[in-house]
Ligand SMILES: Cc1cc2nc3c(=O)[nH]c(=O)nc-3n(C[C@H](O)[C@H](O)[C@H](O)COP(=O)(O)O)c2cc1C
């Protein structure tokens, strides 16, 4: 067995064999394995996002990408947020359900909550949920956390000067219903795909970006009003 926590080693070993019995004939699959679920907030106000065009050389952004932490809290624009979400985790093409990033079994377990700290008239500070189908933002709370909360949740003093966070959560059942415990691995891998997209798009836009692993998940989950069990924080990135 590998060194480290007994629990992570045990989980890894068990999940090697837990793919379950998935018939090759997809006609035999239950509807929950093929239906793509979206979280929606129909009663909340929305901010429409216009589709953006991004023209960059992939080799340039790959070579320039890096984590930057010297944030200044300059305001982030609605167009920048639209571009980040569209090209990191949005629908791939009009009239499609598949997205710009891969997803095990196309189960799409992830949800995205942009928290804008430094906004402007077209995109005020506040907590939003990305409505993937409609490429719009659900306005969950038109009020940003305080700078002290930011430094605390993201555990670094420099986090207070970010202009936006994108908090990525997982609705575990979407993937685990099909793939069992192995699905848990797939969910975290998928968050990594989206994280790299966010890094590359932010580099294309001239924004700074840093992934944050050690977030105070339970406090953020209370702010997002999610239960932390069926849906929980899995990743977060800060931008400026
Ligand atoms: C999963 C993950 C978690 C990370 N968590 C943090 C973090 O909590 N704090 C931080 O300053 N950087 C964090 N980073 C950024 C890494 O420190 C950074 O990617 C690494 O030092 C390499 O630098 P580069 O991104 O500039 O190439 C994280 C990166 C990844 C992939």
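Quick one: is residue 61 within 16 Å of the ligand (Cβ to nearest atom) and part of a helix (DSSP H, G or I)? Criteria met by residue 61. Among the conditions (1) surrounded by fewer than 19 Cβ atoms within 10 Å (Cβ to Cβ); (2) more than 28 Å from residue 118 (Cα to Cα), the only one that residue 149 does not satisfy is (2). Within the stretch 205-216, no residue that is closer than 12 Å to residue 167 by Cβ sits with its Cβ atom under 6 Å from a residue that is within 6 Å of the ligand (Cβ to nearest atom) and modelled with pLDDT of 95 or more at 6+ positions apart or across chains. Applying the condition of being within 16 Å of the ligand (Cβ to nearest atom) and not in a helix (DSSP H, G or I) to the stretch 129-163 and asking which residue is nearest to the chain's Cα centre (by Cα) yields 154. Residues in the stretch 199-218 that are within 12 Å of the ligand (Cβ to nearest atom) and under 20 Å from residue 141 (Cα atoms): 216 alone.
Looking at the stretch 161-176, is at least one residue surrounded by fewer than 18 Cβ atoms within 10 Å (Cβ to Cβ) and modelled with pLDDT under 95? Within the stretch 161-176, none of the residues are surrounded by fewer than 18 Cβ atoms within 10 Å (Cβ to Cβ) and modelled with pLDDT under 95.
Test residue 226 against the stated conditions and say whether it is in a loop (DSSP other than H, G, I, E, B), over 12 Å from the mean Cα position of the chain (by Cα), more than 12 Å from the ligand (Cβ to nearest atom) and modelled with pLDDT of 95 or more. For residue 226, the condition - in a loop (DSSP other than H, G, I, E, B), over 12 Å from the mean Cα position of the chain (by Cα), more than 12 Å from the ligand (Cβ to nearest atom) and modelled with pLDDT of 95 or more - is met. Restricting 194, 233, 171 to those that are closer than 18 Å to residue 103 by Cβ and within 16 Å of the ligand (Cβ to nearest atom) reduces the list to 194. Only one of (1) within 24 Å of residue 81 (Cβ to Cβ); (2) assigned to a helix (DSSP H, G or I); (3) within 16 Å of the ligand (Cβ to nearest atom); (4) touching a residue at least 12 places away in the same chain (Cβ under 8 Å) is not met by residue 221, so which one is it? Going through the list (1) within 24 Å of residue 81 (Cβ to Cβ); (2) assigned to a helix (DSSP H, G or I); (3) within 16 Å of the ligand (Cβ to nearest atom); (4) touching a residue at least 12 places away in the same chain (Cβ under 8 Å), residue 221 breaks only (3).
Which members of the stretch 164-181 meet the condition of being part of a helix (DSSP H, G or I) and within 20 Å of the chain's Cα centre (by Cα)? 173, 174, 175, 176, listed by residue number. Against the test of being away from the ligand (no atom under 16 Å from the Cβ) and surrounded by 17 or more Cβ atoms within 10 Å (Cβ to Cβ), the options 77, 55, 83 yield a single qualifying residue, 83.
Can you find even one residue in the stretch 30-40 that is surrounded by 14 or more Cβ atoms within 10 Å (Cβ to Cβ) and over 30 Å from residue 239 (Cβ atoms)? Looking for residues that are surrounded by 14 or more Cβ atoms within 10 Å (Cβ to Cβ) and over 30 Å from residue 239 (Cβ atoms), one finds at least one in the stretch 30-40, hence yes. Quick one: is residue 183 in contact with a helix residue (DSSP H, G or I) (Cβ under 8 Å, 6 or more places away or on another chain) and either modelled with pLDDT under 95 or more than 16 Å from the ligand (Cβ to nearest atom) (or both)? It is true that residue 183 is in contact with a helix residue (DSSP H, G or I) (Cβ under 8 Å, 6 or more places away or on another chain) and either modelled with pLDDT under 95 or more than 16 Å from the ligand (Cβ to nearest atom) (or both).
The values are calculated or read from the model by the stated rules, or taken from the named source; none is laboratory data. No experiment lies behind these values; they were computed from the predicted model shown. Heads up, the Cβs are rebuilt from the backbone with ideal geometry, glycines too, and the neighbour counts pull from every protein chain shown.
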